[in-house]
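The next block holds one structure in the form of structure tokens; read it before the comments.
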Amino acid sequence: MMERDVLIIGGGPAGMAAALSAKQSGCGSVLLAERSETLGGILNQCVHSGFGLTYFGEELTGPEYAERFMRKIDDAHIEHLTNVMAISLRADGVALLSGAACGLLEIRAKTVILATGCRERPIGALPVTGARPSGIFTAGSAQKMVNLGGYDIGDRFIILGSGDVGLIMARQLTLLGKTVLSVLEKDDRCGGLERNKRSCLDDYGIPLMTRTTVTRIHGSARIEGVTVLDLDSGAKSFAACDTLITAVGLIPERDLIDEIAADGALPDWLFLCGNACTVHDLVDDVTLEGAYVGQEAARFVQEGVRTDASISPSTHEADAYEGIICVACPKSCRLIKTADGYEGALCGRKDPIPSR
């Protein structure tokens, strides 16, 4: 049995920020546990740029953003375990971890911060008939296979759902010489950030088909196509493809607390942050929330009290705005062209990158 002031489960941007904040706020013993081989979480597979403009004031790739925090973790001498899985979390604050390096390890913590991120909704959660042949991936798994594994996962793609990772994969696959036939979206507008719609779809001529979905998968060994349904007219059509990528939503990953939150209330010693709390659009917001929660957890350790205040994500979405939008960062500011340059950028720049 190990005892620690703060145990953070999840070593992504929220978990690393929480660990640093708790340590800087005076907690003597902070332990960060991550199930992957390295810290960084989903950032490690996000090789595109666009991270850090709010938090660091410059544009970084996901691995670059993660590396900066990993150095901070090392410089602060924060204890961290990788390749360990949190098996259970009991009502008395004892967590059971399992990993090749530590075996079965029990940790009693004064506070626990759940920073486990979110998981993707799979194709099985949708009312789609047909078999489940090879060639069907969630957007995140496709991103990991392409970016970290270097796999060639197909040639002709249909992307179901217009979440941000799906939009980014549409652009990346096009840059790899693949054919992205279309992105299908059941709602009447794109589900991802306006910046990603414009820079990933519009700039590459990839069609976004709103009010459409997939109702059937064709193929046995390998997917051969899908039936596309127009939700307004009811018309169906066949689209031949060898790969289907789904980007149909994210679910906060907090199964660990099911046992101790049966009545809907969480114990005072348990904190949630990042996408385990609610799904965020920007990693900068995840980082700021993690830092805030780490500070609150340290306060609970030291004073035995906690507040119900929370930090709100920054406002960045451009809604259905049809004017000029800056695509320099995910905030997607609405711009007005003046004699002195563009006005309206939250960063104050007069020469942001506009896109219509």
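The values are calculated or read from the model by the stated rules, or taken from the named source; none is laboratory data. Predicted model only: the values in this text are computed from it and were never measured. Please note: Cβ atoms are built from the backbone with ideal geometry, for glycine as well, and neighbour counts cover all protein chains shown. Remember, those area values only see protein heavy atoms, side chains included, never the ligands or the DNA or RNA. Shrake-Rupley method; radii C 1.70, N 1.55, O 1.52, S 1.80 Å.
Observations on the model:
- Any hit, segment 280-290, residues being open to solvent by less than 20 Å² (accessible area, probe 1.4 Å), in a loop (DSSP other than H, G, I, E, B), more than 23 Å from ARG108 (Cβ to Cβ) and at pLDDT below 75: no
Every residue, every condition in (1) open to solvent by 60 Å² or more (accessible area, probe 1.4 Å); (2) in contact with a helix residue (DSSP H, G or I) (Cβ under 8 Å, 6 or more places away or on another chain); (3) on the phi < 0 side of the Ramachandran plot, yes or no:
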{"position": "LYS186", "(1), (2), (3)": "yes, no, yes"}
{"position": "CYS190", "(1), (2), (3)": "no, yes, yes"}
{"position": "GLU194", "(1), (2), (3)": "no, no, yes"}
{"position": "ARG198", "(1), (2), (3)": "no, no, yes"}
{"position": "ASP202", "(1), (2), (3)": "yes, no, yes"}
{"position": "LEU208", "(1), (2), (3)": "no, yes, yes"}
{"position": "ARG211", "(1), (2), (3)": "yes, no, no"}
{"position": "SER220", "(1), (2), (3)": "yes, no, yes"}
{"position": "ILE223", "(1), (2), (3)": "no, no, yes"}
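- Within segment 72-80, one or more residues are at positive phi and without any contact (Cβ under 8 Å) to a residue 24 or more places away in the chain.
Residue-wise test of (1) within 21 Å of ASP5 (Cβ to Cβ); (2) not polar (S, T, N, Q).
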| residue | (1), (2) |
| --- | --- |
| GLY52 | no, yes |
| THR61 | no, no |
| GLU64 | no, yes |
| GLU67 | no, yes |
| ALA76 | yes, yes |
| LEU81 | yes, yes |
| ALA91 | yes, yes |
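- Flag for GLN143 being open to solvent by 10 Å² or more (accessible area, probe 1.4 Å) and either among the charged types (D, E, K, R) or assigned to a helix (DSSP H, G or I) (or both): no
- The one condition in (1) within 30 Å of ALA221 (Cβ to Cβ); (2) crowded, with 17+ Cβ neighbours inside 10 Å; (3) not hydroxyl-bearing (Ser, Thr, Tyr) that CYS118 fails to fulfil: (1)
- Count - residues of segment 1-16 that are in a helix (DSSP H, G or I) and in contact with an Asp or Glu (Cβ under 8 Å, 6 or more places away or on another chain): 2
- ASP268 vs. criteria closer than 25 Å to ASP187 by Cα, open to solvent by 40 Å² or more (accessible area, probe 1.4 Å) and assigned to a loop (DSSP other than H, G, I, E, B): no
- When residues of segment 147-184 are limited to those that are β-branched (Val, Ile, Thr) and open to solvent by less than 20 Å² (accessible area, probe 1.4 Å), the one modelled with the lowest pLDDT: ILE168
- Of the set (1) within 18 Å of GLY274 (Cα to Cα); (2) hydroxyl-bearing (Ser, Thr, Tyr); (3) over 21 Å from the mean Cα position of the chain (by Cα); (4) open to solvent by 20 Å² or more (accessible area, probe 1.4 Å), all apply to THR111 but (4).
- Residue within segment 59-66 that is under 11 Å from LEU39 (Cβ atoms) and within 25 Å of the chain's Cα centre (by Cα) present: yes
- Restricting segment 22-65 to residues that are in contact with a strand residue (DSSP E or B) (Cβ under 8 Å, 6 or more places away or on another chain) and of a type in the set (Val, Ile, Thr), the residue that is most open to solvent (accessible area, probe 1.4 Å): VAL47
- Sole exception among (1) touching a residue at least 40 places away in the same chain (Cβ under 8 Å); (2) surrounded by fewer than 19 Cβ atoms within 10 Å (Cβ to Cβ); (3) hydroxyl-bearing (Ser, Thr, Tyr) for THR243, by number: (2)
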